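Scroll down for the structure; my scribbles are underneath it.
All of the numbers you see were taken from the coordinates with simple rules; none came from a lab. All values reported here derive from a predicted model rather than from experimental measurement. All Cβ positions, glycine included, derive from the backbone under ideal geometry; neighbour counts span all protein chains shown.
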């Protein structure tokens, strides 16, 4: 069971992550997207932010914008050289927000393993050319059975590059895509490994969805927008503590945005505090305890020689209360006071507790919630085949979406 973990400005960490994802999909103001990313980064959760960026890209952007993948990789490499540099994250956020999102890959991930199809009877001749261990995946791809595809990819022991080859070869064999050049194994190996994706199955599914999408729907541009100076200044001021604002009011002044109410469709840590008033009590009485595992607060507790005992913040060797006074003079977040009510409302306020991700996707993307993913992908596939057969690509683009340049 995950614990409530508060960020530097006392948001729940998981709710900041989902608010960032929704801000990108909904194309909320760029400042809001930056804000949520900065809240994770400056709280000390840069690894969490990196992982969330990859998952968001593959879930919602990889299908239509395959060239964004390597751009993200190159920007993230900059953060490895300078771990205090937030600008590469801003560049990724800005270009992701400018791209067109789609929920296809995300909905594929909601497939249930209890709906598996077992293929029996005579094996088609064209399937026999594949190794026995690969045939269930090949047949699942042929039938656009995404539940089986996910199951086979998740349980497979082979290298992801092997499955990349199987996916491409199968799609070529069944006539859904054409390739003007062979997919050499060593080239696929080299290009696959240049990306530090945290989940190979996720990446494979996104690649397959992109390959099945009509060429005219794919954004093949290799042009990206830079972060503007005024945007850098906005983030910089988020980290400043003005002298004219007293500590009790600082928290309210720095919390620029409300948690997105649609996050209630996801499983949240706050679900453990479902009884009325319990979550608000945890914030009011024990915010230090719930912030104690956040790097931002760990550094400040250590600075003032404070540690958590039970649920209380204790200052060791502080008989005269000097450290206690110094700490709370700077971080007097007394959430019991009436003037902090609006701050608490932004953390514990109204959330739509629907717990239905299919409904959420239908709200965000205006899809028919009853339209399952197999039917939707079959439609996309027909559009793709039609595109290949009736349109001449003015750029002479390989219908493989130049896969060797984008994976």
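Protection proxy ranking for 255-266, 298-309, 206-217, using the average of other Cβ atoms within 10 Å per residue and placing the highest first: 206-217, 255-266, 298-309. Here 92, 53 are placed in order of increasing Cβ neighbour count within 10 Å, fewest first, which gives 53, 92.
To make sure I understand, if each residue's beta carbon is the centre and we count other beta carbons within 10 Å, what order do 122, 354 fall in, fewest to most?
122, 354
Once you place label points 7 Å from the Cα toward the Cβ at residue 196 and residue 365, how far apart are they in nm? Here the modelled spin labels are 2.8 nm apart.
Legend: calculated FRET efficiency, residue 47 to residue 133, from the Cβ-Cβ distance at R0 = 45 Å, rounded to 0.05, equals 0.85.
Using 0.36 nm times the number of residues separating residue 240 and residue 258, minus their current alpha carbon distance, what extension gain do you get? Please list the in-between numbers first.
On the way: separation 18, 0.36 × 18 = 6.48 nm, distance 2.01 nm.
Separation in residues times 0.36 nm, less the Cα-Cα distance, equals 4.5 nm.
Using a/c under 1.5 as the rounded threshold, could you call segment 198-303 rounded, prolate or oblate? The axes a ≥ b ≥ c are square roots of the C-alpha gyration tensor eigenvalues, and prolate needs a/b larger than b/c, oblate otherwise. Here segment 198-303 falls in the oblate category.
For the peptides 146-154, 218-226, 275-283, the ranking by packing is 146-154, 275-283, 218-226, with the highest mean count of neighbouring Cβ atoms within 10 Å listed first. Modelled this way, with points 7 Å down the Cα-to-C-beta line, the labels at residue 311 and residue 74 are 5.0 nm from one another. By other beta-carbon atoms within 10 Å, ranking 351, 72, 167, 123 with the fewest at the front produces 123, 351, 167, 72. Spacing of the modelled spin labels on residue 298 and residue 267, each 7 Å from Cα toward Cβ, amounts to 2.5 nm.
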